[in-house]
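What follows is a single structure, written as structure tokens, with notes after it.
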Amino acid sequence: LSLEKQQFRTMALASARLSESENMHQVILDLLAREIKTYCIDHKNSGQLLFFLDNILILSRLYIGIYPLKKESCELLLLVEQAIDKATKTLQRSLDISIKGGNNIAPLNLEHDLMVQAFANIILNAAHHAPNTPIEIEIHDREVNVLDHGSGVVESDLGHIFDKFYRCSDSSGP
């Protein structure tokens, strides 16, 4: 479809869905996701864009209160392995990752999908800022450490690394 026809189709679908639904935010998020995923199917490196889209959708749904949190019993090692798989598929290449520990740890009551997404974000960050170097993951009791061999964070940025959308001054990567 041409861009104009695709935009018209999207608006028609949005109008129809909005008239049927009381939750406008959900309709808009679903349409956005559908259109971007449709666009990504034929484009190279779409895995990273789709991963980014999933992050935005989850954060948006959490922010407006429509993301149903579902805590369930999860094994930490399995969560980390699923995050590695997700990061590998996102980058569409293999990663040199080793895991130490993680056996015989009692299951934790967590929101599975959010934890996999969070661990995958950390692994992708390590792969981005220390490309072509090994990533080591250590699991001890209820703690997970992700170690890369990058340059690290500049001391002046440490106080801001958990600020929303903050980018370190020396962010580098491929």
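Leaving ligands, DNA and RNA out of it, report the carbon-plus-sulfur percent of the accessible area of the stretch 51-136 at a 1.4 Å probe. Carbon-and-sulfur percentage of accessible area, whole number: 55. Each peptide in 153-163, 78-88 receives the mean, over its residues, of other Cβ atoms within 10 Å, and ordering these scores from highest gives 78-88, 153-163.
In the context of the full set of protein chains, the stretch 113-174 has a per residue accessible area of 66 Å² (1.4 Å probe). If you take all other residues with their beta carbon under 13 Å from the beta carbon of Ala118, and give Lys and Arg +1 and Asp and Glu -1, the sum is -2. When Cys74, Cys168 are compared by accessible area at a 1.4 angstrom probe, the order from most to least is Cys168, Cys74. Normalising the average separation of contacting C-alpha pairs (under 8 angstrom, six or more residues apart) by the number of residues puts the relative contact order of the stretch 60-133 at 45 percent.
The values are calculated or read from the model by the stated rules, or taken from the named source; none is laboratory data. Note that this is a predicted model, so its numbers are computed, not measured. Here Cβ is always computed from backbone atoms with ideal geometry, including for glycine, and neighbour counts include all displayed protein chains. All accessible areas refer to the heavy atoms of the entire protein, side chains included, with ligands and DNA or RNA removed. Shrake-Rupley method; radii C 1.70, N 1.55, O 1.52, S 1.80 Å.
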